[in-house]
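Data first, discussion second: the structure below is written as structure tokens.
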Amino acid sequence: MNFSPTTKGEYYMTAGIIAVIIVLISLVFGPLAPLDEPKVYAYNGEIYNLGDAVGISFSAFISLMIFIISAVILWGSKNVWYNVLIDASAISFIFLNYLNYTVIYLTWHPQMYILPFFIEIIYNGAKALQLDLGQVVLIILLYRVYKIMKMPRPLFGSEKQ
């Protein structure tokens, strides 16, 4: 069976399915994340499990590396599958990035403020300003969506109109 997405709807459905596959593969590698601290850390009489947050962060890192490598090598290709891989890896990283921030919030209950390109995290009086690569990748993905939606043909190299 030789399936190739020919319409924009099929393209993004395929990208969504591939993104789910990338997320699942990345999550499998989460437990392999290197932990410098113990999985259970006591602070102010509370016990935190660092394994979940570090594992999801590592999974997001894997998805980010897939996105960066595929974007650098395959950007501008006329092959539909290469472009699906770029978009799917972007979607998977964005999902895992914000899942990671959600796990951080549910674990430590810090104050979190989403700023343009940054997330400010305040916990126990300490402030941290982190570059939010999820927003950067989201802007790149939205640019790609805009370029694809603007195309007069259905998709890159397809003959179907």
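The values are calculated or read from the model by the stated rules, or taken from the named source; none is laboratory data. Since this is a predicted model, take the numbers as computed values, not measurements. Here the Cβ is made from the backbone with ideal geometry for all residues, glycine too, and neighbour counts use every protein chain on show. These area figures cover heavy atoms from the full protein model, side chains too; ligands, DNA and RNA do not enter into them. Shrake-Rupley method; radii C 1.70, N 1.55, O 1.52, S 1.80 Å.
Any residue in segment 32-46 that is closer than 24 Å to residue 142 by Cα and of a type outside the set (A, V, I, L, M)? First the steps, then the outcome.
First, the residues of segment 32-46 that are closer than 24 Å to residue 142 by Cα: none.
Within segment 32-46, none of the residues are closer than 24 Å to residue 142 by Cα and of a type outside the set (A, V, I, L, M).
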> Going by the conditions given, is residue 65 open to solvent by 50 Å² or more (accessible area, probe 1.4 Å), in contact with a helix residue (DSSP H, G or I) (Cβ under 7 Å, 6 or more places away or on another chain) and aliphatic (A, V, I, L, M)?
Replying inline: no
> Name the pairs whose Cβ atoms lie under 6 Å apart, with the first residue in segment 54-65 and more than 14 Å from residue 137 (Cα to Cα), the second surrounded by fewer than 23 Cβ atoms within 10 Å (Cβ to Cβ) and of a type in the set (A, V, I, L, M), and 6 or more positions between them or separate chains?
Replying inline: 54/33; 54/35; 55/33; 56/99; 56/103; 58/33; 59/27
> What tally of residues in segment 43-62 results from selecting those that are in contact with a strand residue (DSSP E or B) (Cβ under 7 Å, 6 or more places away or on another chain), open to solvent by 60 Å² or more (accessible area, probe 1.4 Å) and not β-branched (Val, Ile, Thr)?
Replying inline: 1
> Looking at residue 156, is it open to solvent by less than 100 Å² (accessible area, probe 1.4 Å), of a type in the set (Phe, Trp, Tyr) and at pLDDT 95 or above?
Replying inline: no
> Can you name every residue in segment 91-118 that is touching a residue at least 60 places away in the same chain (Cβ under 8 Å) and either closer than 21 Å to residue 28 by Cα or open to solvent by 80 Å² or more (accessible area, probe 1.4 Å) (or both)?
Replying inline: 91, 92, 95, 96
>> If I filter segment 24-41 for residues that are under 25 Å from residue 145 (Cα atoms), surrounded by 13 or more Cβ atoms within 10 Å (Cβ to Cβ) and out of contact with any Asp or Glu (no Cβ under 9 Å at 6 or more places or on another chain), do I get at least one hit?
In response: yes
> What is the number of the single condition among (1) touching a strand residue (DSSP E or B) at 6+ places or on another chain (Cβ under 7 Å); (2) of a type outside the set (S, T, N, Q); (3) closer than 24 Å to residue 5 by Cα that residue 118 does not meet?
Replying inline: (3)
